[in-house]
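Only one structure is covered here, and it is reproduced in the block below.
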Amino acid sequence: MRAIISVSDKSGVVDFARGLKELGVEIFSTGGTKRSLEAAGVKIHSISELTGFPEILDGRVKTLHPAVHGGILARRDLPQHLSQLAQNHIELIDMVVVNLYPFVETVTRAEVSLDEALENIDIGGPSMIRSSAKNFPSVLIVVDPGDYDAILQKLRLGNIDSGYRKRLAQKAFQHVALYDTAIAQYLNDELFPEEMTIALKKTRGLRYGENPHQQAAFYIEQNVKQKPDGLQSLEQLGGPEISFNNLLDLDAALNVLADFSDPTIAIIKHNNSCGLASHNDLAEAYRRALAGDPVAAFGGIVASNRIVNLAAAQEIDKTHYDAIVAPGYQKKALELLKRKENLRLVKVAPYRHPSSSESQLDFRRVRGGILAQTPDTLTRSELKPRVVTKRPPSEAELSDLLFAWKAVKGIKSNAIVIAKDKTLLGMGAGQPSRVVSVELALNKAGGQAKGSVLASDAFFPFPDGPELAIKHGVTAIIQPGGSVRDKEVIKLADKYSVAMLFTGVRHFKH
């Protein structure tokens, strides 16, 4: 048996090569791999001994040779293939162990040059991988150091079946596909190229999906033009296994909190904020968030954009939640919260929305395809909204209006938020009718609606929604504007001396 070993990731390769030598495998190698194996006392041959040709062009050409690819690609069941190998003095190669130049690691370093990036594009490695995987019934292709022990065990038992070979081939083609995707990402300058692949890597299996009868797993996206963020940094510090629905709510929480710079607590239920408040005292922020809907909060997720301190933890501990997510926990706070065995404690690095200059897309699966769009981010202009009524908002109203505007962005459309003192008092979400969302938000706010403000994620098509809110005591409204009935809505607000602001930006969230 003859093998070629040429790896960038040298984890475990010395022990693997020793195991192969014990089984009588003749090994050929290149460059750095050859030096590593020889330094460890493993006797191997140079690729040049196999090809009869030296490495040239600073190592750019070393395995691109018929003696390599002919030995890999020849079908053992075709006499004419074996005859051609004999005529050309080419011997069979039975195993190829390859992983690729560290392209991703190189191009994600700060200020890497184009020349350096290009030099880290592997050519010979992917070619050998593809050749070997194409001929997997006869050639073992190994790209993952995690497979070394299993392969040695199977070789010792003489039991490498076709199913296992096929699995290794699939892994090999996927390995090259992810590598090629990273290169294409690096070279791409278009926001929406004509062709695109998305690189995904499985980070954990999940017990089930949204419902127990659905299978599920969590994959993280790999993109050389995006810094790892969001749930990629997830670290579980305590509690049961994180579920599919937990991850959806954690994602919703991160998106909500990314818009707030003040200490803020969000309580998430079914991807919506049922509680949300900002306050310099984190424990007080939590108490206010909980007061928004203490019934709905039960069994939800608490999210903080600050390290959870003991005072906040003591308040959170009084209610049952599925999970808590924060950028960190004080030691005593973590000790207290860990006492609840069914409470998932999650640490995630602070998340921010990408800027408009960053190349990042949001994807949504539809039957038969993928929708792609740039992320929904707050613009500078909408945070300085235009006053369209005779009465401008007071300083306190303006502060609450901007809070409510950030809050409504994270609510499912049609979305309405009632807020006061930087606290969500009531929200209406996901209703086909905007006025029904207003009714739901007001019902939840109850008597607290008096002196509150209202935010709507899109314009009011009729004055009925604002009129209902004003009758319940709302004193200021923020909305995008843009309806053909804007004048009627503004006239209504002026009639009751209600302040109204137009942002000029809509935030649908379907």
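Can you name the residue in segment 223-244 that is surrounded by 15 or more Cβ atoms within 10 Å (Cβ to Cβ) and over 30 Å from Ala177 (Cβ atoms) and is also nearest to the chain's Cα centre (by Cα) among such residues? Out of the qualifying residues, it is Leu237. Checked against (1) part of a loop (DSSP other than H, G, I, E, B); (2) of a type in the set (A, V, I, L, M, F, W, C); (3) under 16 Å from the mean Cα position of the chain (by Cα), Ile220 passes all but condition (1). Just one residue in the set Ser452, Ser437 is out of contact with any Pro (no Cβ under 9 Å at 6 or more places or on another chain) and under 11 Å from Asn414 (Cα atoms); that residue is Ser437. Ile418 - would you say it is in contact with a helix residue (DSSP H, G or I) (Cβ under 6 Å, 6 or more places away or on another chain), under 25 Å from Phe260 (Cβ atoms) and either aliphatic (A, V, I, L, M) or not in a loop (DSSP other than H, G, I, E, B) (or both)? The answer is yes for Ile418. In this structure, does Val484 turn out to be under 24 Å from Glu395 (Cβ atoms) and of a type in the set (Val, Ile, Thr)? So Val484 does not fit the description; no.
When segment 48-79 is filtered for residues that are surrounded by fewer than 18 Cβ atoms within 10 Å (Cβ to Cβ), of a type in the set (A, V, I, L, M) and under 21 Å from Ile121 (Cβ atoms), the ones remaining, listed by number, are Ile56, Leu57, Val61, Leu64. Among residues that are among the polar types (S, T, N, Q), surrounded by fewer than 14 Cβ atoms within 10 Å (Cβ to Cβ) and modelled with pLDDT under 95, Asn120 is not included. Only residues that are surrounded by fewer than 20 Cβ atoms within 10 Å (Cβ to Cβ) and under 12 Å from Ala419 (Cα atoms) were counted across segment 449-472, and they come to 2.
Going residue by residue through segment 373-395, is there one that turns out to be touching an Asp or Glu at 6+ places or on another chain (Cβ under 7 Å) and outside any loop (DSSP other than H, G, I, E, B)? Checked against the condition, which is being touching an Asp or Glu at 6+ places or on another chain (Cβ under 7 Å) and outside any loop (DSSP other than H, G, I, E, B), segment 373-395 yields at least one hit.
Of Ser413, Ser456, all but one fail to be modelled with pLDDT of 95 or more and not assigned by TED's automatic domain parsing to the domain that holds Phe260; the exception is Ser456.
Restricting attention to segment 487-504, the residues that are buried (at least 19 other Cβ atoms within 10 Å of the Cβ) and either of a type in the set (Asp, Glu) or in contact with a helix residue (DSSP H, G or I) (Cβ under 7 Å, 6 or more places away or on another chain) (or both) add up to 8. Quickly run through segment 109-150 and pick out the residues that are farther than 20 Å from Ser11 by Cβ and outside any helix (DSSP H, G or I). Residues satisfying the conditions are Arg109, Ala110, Glu111, Val112, Ser113, Ile121, Ile123, Asn135, Phe136, Pro137, Ser138, Val139.
Surrounded by fewer than 17 Cβ atoms within 10 Å (Cβ to Cβ), within 28 Å of the chain's Cα centre (by Cα) and on the phi < 0 side of the Ramachandran plot: is that true of Val112 in this structure? Yes: the conditions hold for Val112.
Taken over segment 322-341, the criterion of being of a type outside the set (Lys, Arg) and free of Cβ contacts under 8 Å to residues at least 40 places away in the same chain is satisfied by Ile324, Ala326, Pro327, Gly328, Gln330, Ala333, Glu335, Leu336.
Of the candidates Lys34, Lys21, the single residue that is in contact with a strand residue (DSSP E or B) (Cβ under 8 Å, 6 or more places away or on another chain), assigned to a helix (DSSP H, G or I) and under 23 Å from Ile121 (Cα atoms) is Lys34. Given the condition surrounded by 19 or more Cβ atoms within 10 Å (Cβ to Cβ), in a loop (DSSP other than H, G, I, E, B) and not assigned by TED's automatic domain parsing to the domain that holds Gly426, answer yes or no: does some residue in segment 273-281 qualify? Yes: one or more hits. Screening Leu257 with (1) crowded, with 20+ Cβ neighbours inside 10 Å; (2) on the phi > 0 side of the Ramachandran plot gives one miss only, at (2). Right, His45: without any contact (Cβ under 8 Å) to a residue 40 or more places away in the chain, surrounded by 13 or more Cβ atoms within 10 Å (Cβ to Cβ) and out of contact with any Leu (no Cβ under 8 Å at 6 or more places or on another chain) or not? Here the answer is yes, as His45 does meet what is asked. Among the candidates Leu92, Leu100, the residue that is modelled with pLDDT of 90 or more and among the hydrophobic types (A, V, I, L, M, F, W, C) is uniquely Leu92.
Determine, yes or no, whether Val308 is modelled with pLDDT of 95 or more, in the same structural domain as Lys444 (by TED's automatic domain parsing) and not basic (Lys, Arg). The answer is no for Val308. Filtering Ile411, Ile418 for residues that are under 25 Å from Glu488 (Cα atoms), surrounded by 22 or more Cβ atoms within 10 Å (Cβ to Cβ) and β-branched (Val, Ile, Thr) leaves a single hit, Ile418.
Among the residues of segment 1-18, those identified as assigned to a loop (DSSP other than H, G, I, E, B) and within 40 Å of the chain's Cα centre (by Cα) are Ser8, Asp9, Lys10, Ser11, Gly12. For Ala296, the test of being within 28 Å of the chain's Cα centre (by Cα), at pLDDT below 95, aliphatic (A, V, I, L, M) and surrounded by fewer than 22 Cβ atoms within 10 Å (Cβ to Cβ) is passed.
Here's the yes/no breakdown for (1) among the β-branched types (Val, Ile, Thr); (2) over 19 Å from Pro385 (Cβ atoms); (3) assigned to a loop (DSSP other than H, G, I, E, B):
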| position | (1), (2), (3) |
| --- | --- |
| Lys412 | no, yes, yes |
| Gly426 | no, yes, no |
| Pro432 | no, yes, yes |
| Ala441 | no, yes, no |
| Phe459 | no, no, yes |
| Glu467 | no, yes, no |
| Gly473 | no, yes, yes |
| Ile477 | yes, no, no |
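The values are calculated or read from the model by the stated rules, or taken from the named source; none is laboratory data. These figures come from a predicted structure and were not determined experimentally. In this analysis, Cβ positions are derived from the backbone assuming ideal geometry, glycine residues included, and neighbour counts consider all displayed protein chains.
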